Amino acid sequence: MEQSHLWWRDGVIYQIYPRSFADSNGDGIGDLIGITQRLDYLVELGVDAIWLSPINPSPDVDFGYDVADYRNIDPKHGTLADFDHLVKAAHERGLRIILDLVLNHTSDQHPWFLESRSSLDNPRRDWYIWRGSPKGKREAPNQWQSVFGGKAWEFDEVTGQYYYHMFCPEQPDLNWRNPEVYREMLDIFRFWAERGVDGFRLDVFNQYFVDAQFRDNPRKCGIRPFDCQHHLYDTNQPEIQQVVADIRAVLDRYPERYAVGETFLPTTEMASSYSGPGKLHATFDFTMLKSPWNPARYLQCVLRQEELLPEGGWPNYVLNNHDNSRTASRLRAGRGDEKLKVSAAMLLTLRGTPFLYQGEEIGMRDIQVSRAELQDPVGKRYWPLPVGRDGFRSPMQWNGEANAGFTTGKPWLKLHPGYKTRNVESQRKDPASLFNFYKSLLRLRRMYAALQRGMFLPLHHNPQRVLAYLRQDAAQTILVALNFARRRSKLALGGEITRHQWEMLLSNKEKSQPSIDKGWLQLDGHEVCILLQKPGSG
């Protein structure tokens, strides 16, 4: 029997990049106390859970994704006591906490790796992936490349062998084939679940294993060396299926725990294969995030995900995160927010769990970072190619005061110059703002069960300009019509349909009634129109 309400299925998850959310002590870096102080804002917005990017101790070569201790909090973010207080305060407000777990690799400063590299016979030597040179020569074991640039093998002078790293050399990959490592990783889930954590986002989970024979990848054409290989042997190995089953078994011992996996080099087929009953609750498929501004393409993404979901599986959708250009910049929204209201309405009314990145609710834009200002290792490696991620991680714009209300000190990363007009405080005061539109969308989603777990029924008329669909359950039918074009468009509803059969739930064009004439729904440019079918009119 289906549970009537399930937070991760029916709710909305808000991603916080802790370095850039709220700084409570003036050191320029966001922290847990700052997040706790802003919990009421998240309640006001209307989200159900917060996902925290990594907060474990880290040398910050990759800003938290190089973990030096899985069971503690980095001092720049706070303490375990601060974390426990955050969990308690969030739960008191009905908010759930999701932690980012980076279990594919550690920092090279993690005590495990320091032991592992100390000698060939150290008990933790096999906790990482070490290989000697072929035929005794000082050559990498194979031609695998790092996604962050350069070869994926780093020579270690101390022991005369190479260790493997898919990311930075300072992020050595763990050896999940070692039973001790495997058990340790599963215990990390238990440690945080016992502290009240409600869910986990698994960083590059399908990277946990590489080919046991270390075979060379087939070659292909590409720009970067990493792109010149078909990645058959350095990722997405069959053993991952057992890992996700074992993670799910651990989480199922705790009430309503959740795991969502970040699929590395994903396809919809690949992502779907790891989710469902007995596997992860969900996996990220970034096809929609990479899609151009075209309703037909977005619909294709949705239908493909729905088609490939296993029985009992549940989709999720994401249009933005800390690794990708912000929606406003990626979609070239210009100065206005009407296009962003259309994308927000799509994200929050599809059948699936929406993930929302901090600052999207006020339409934050990418910042421009000079070479001297670069901090992201990817940006530094590939400069002047625009592949760095600093531009998407600027501090949250709370108000128009100094440093946007983010910190009283010097921000770790510069602010967008437009923060004095584009911020939470100013948009709160404007009834027509993007922020208030997000609040209205999230309130609607909470009010109507059909928008949470109702069926998704696409309407295919005018697919190059309009995305339209029904969300329907036994009690409610809701029509969502989104005009992606700047000029007026229309949607065929049928000759017998009149405006008296529908109640306007939400429009960004200040309409109190739908514009329906002779069975056609008329939509203004970039209009969001959400209608509820009146009882007895179906």
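Given the conditions (1) within 22 Å of TYR14 (Cβ to Cβ); (2) surrounded by fewer than 16 Cβ atoms within 10 Å (Cβ to Cβ), and given that ASN294 satisfies all but one, which numbered condition is not satisfied?
(1)
Scan the helices (runs of 4 or more DSSP H) fully inside the range 303-418 and keep the ones with 1 or more residues being within 18 Å of the chain's Cα centre (by Cα) and buried (at least 18 other Cβ atoms within 10 Å of the Cβ).
Qualifying helices (runs of 4 or more DSSP H): 327-330, 338-349.
What are the pairs with Cβ atoms under 8 angstrom where one residue, in the range 507-518, is of a type in the set (A, V, I, L, M, F, W, C) and the other, located anywhere, is part of a loop (DSSP other than H, G, I, E, B)? Sequence gap at least six, or different chains.
Qualifying pairs under 8 Å: ILE516/LEU493; ILE516/ILE497; ILE516/THR498.
Pairs only if they're at least six apart or on different chains, beta carbon under 6 angstrom, first in the range 362-381 and assigned by TED's automatic domain parsing to the domain that holds ARG393, second part of a loop (DSSP other than H, G, I, E, B) and among the aliphatic types (A, V, I, L, M); list them, first residue then second.
If the second residue must be part of a loop (DSSP other than H, G, I, E, B) and among the aliphatic types (A, V, I, L, M), the pairs left are VAL378/VAL387; LYS380/LEU374.
Test of understanding: among ALA328, ALA345, which residue is assigned by TED's automatic domain parsing to the domain that holds PHE21 and touching a strand residue (DSSP E or B) at 6+ places or on another chain (Cβ under 6 Å)?
Working: ALA328 fails: touching a strand residue (DSSP E or B) at 6+ places or on another chain (Cβ under 6 Å).
None of the others qualify; the one that does is ALA345.
Return the only residue of ALA49, ALA22 being among the small types (Gly, Ala, Ser), over 16 Å from ARG93 (Cα atoms) and crowded, with 22+ Cβ neighbours inside 10 Å.
Answer to the selection: ALA22.
A quick yes/no check of all residues on (1) farther than 20 Å from TYR298 by Cα; (2) basic (Lys, Arg):
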{"residue": "ARG443", "(1), (2)": "yes, yes"}
{"residue": "TYR448", "(1), (2)": "yes, no"}
{"residue": "LEU451", "(1), (2)": "no, no"}
{"residue": "ASN462", "(1), (2)": "no, no"}
{"residue": "THR477", "(1), (2)": "yes, no"}
{"residue": "ALA481", "(1), (2)": "no, no"}
{"residue": "THR498", "(1), (2)": "yes, no"}
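Regarding HIS416, is this residue over 23 Å from TRP8 (Cα atoms) and at pLDDT below 95?
no
Out of the range 268-286, which residues are of a type outside the set (Gly, Ala, Ser) and not in a loop (DSSP other than H, G, I, E, B)?
Filtering the range 268-286 for residues of a type outside the set (Gly, Ala, Ser) gives 268-270, 274, 277, 279-281, 283-286.
Correct list: THR268, GLU269, MET270, LEU280, THR283, PHE284.
Quick check: is even one residue across the range 192-214 under 25 Å from ARG131 (Cβ atoms), surrounded by fewer than 21 Cβ atoms within 10 Å (Cβ to Cβ) and among the hydroxyl-bearing types (Ser, Thr, Tyr)?
no
Please go through the range 150-198 and pick out each residue that is part of a loop (DSSP other than H, G, I, E, B) and more than 26 Å from HIS231 (Cβ to Cβ). Before the answer, list the steps.
Filtering the range 150-198 down to residues part of a loop (DSSP other than H, G, I, E, B) leaves 150, 152, 157-160, 165-172, 175-178, 195-198.
Listed by number, the residues that qualify are GLU157, VAL158, THR159, GLY160, ARG195, GLY196, VAL197, ASP198.
Between residues in the range 135-149 that are closer than 19 Å to PHE226 by Cβ and residues that are surrounded by fewer than 21 Cβ atoms within 10 Å (Cβ to Cβ) and among the aliphatic types (A, V, I, L, M), which pairs lie under 8 Å by C-beta distance while being six or more apart or on different chains?
PHE148/VAL378; GLY149/VAL378
Among the candidates ALA481, ALA474, single out the residue that is touching a residue at least 24 places away in the same chain (Cβ under 8 Å) and small (Gly, Ala, Ser).
After applying the criteria, what remains is ALA481.
Name every residue in the range 382-392 that is free of Cβ contacts under 8 Å to residues at least 40 places away in the same chain and either charged (D, E, K, R) or over 16 Å from ASN324 (Cα atoms) (or both), in order of residue number. Explain how you work it out, then say what you get.
Of the residues in the range 382-392, the ones free of Cβ contacts under 8 Å to residues at least 40 places away in the same chain are 383-388, 390.
Once the filter is applied, which keeps residues that are free of Cβ contacts under 8 Å to residues at least 40 places away in the same chain and either charged (D, E, K, R) or over 16 Å from ASN324 (Cα atoms) (or both), the range 382-392 yields TRP383, PRO384, ASP390.
Among the residues of the range 233-255, count how many are within 25 Å of the chain's Cα centre (by Cα) and not in a helix (DSSP H, G or I).
First, the residues of the range 233-255 that are within 25 Å of the chain's Cα centre (by Cα): 234-252, 254-255.
Narrowing the set further to residues that are not in a helix (DSSP H, G or I) leaves 234-239, 252, 254-255.
The number of residues fulfilling the criteria is 9.
Which residues, counting only those in the range 263-286, are within 14 Å of the chain's Cα centre (by Cα) and more than 25 Å from TRP7 (Cβ to Cβ)?
PHE264
Quick one: in the range 1-32, which of the residues that are under 24 Å from PHE392 (Cβ atoms) and either part of a helix (DSSP H, G or I) or of a type in the set (Lys, Arg) (or both) is farthest from the chain's Cα centre (by Cα)?
Once the filter is applied, the top-ranked residue is LEU32.
Taking the range 221-233 as the search range and keeping residues that are out of contact with any strand residue (DSSP E or B) (no Cβ under 7 Å at 6 or more places or on another chain) and within 22 Å of VAL387 (Cα to Cα), which one is modelled with the lowest pLDDT?
Here the residue is ILE223.
The values are calculated or read from the model by the stated rules, or taken from the named source; none is laboratory data. Bear in mind that the values here come from a model prediction, so they are computed numbers and not experimental data. Virtual Cβ from ideal backbone geometry, glycine too; neighbours counted across all protein chains shown.
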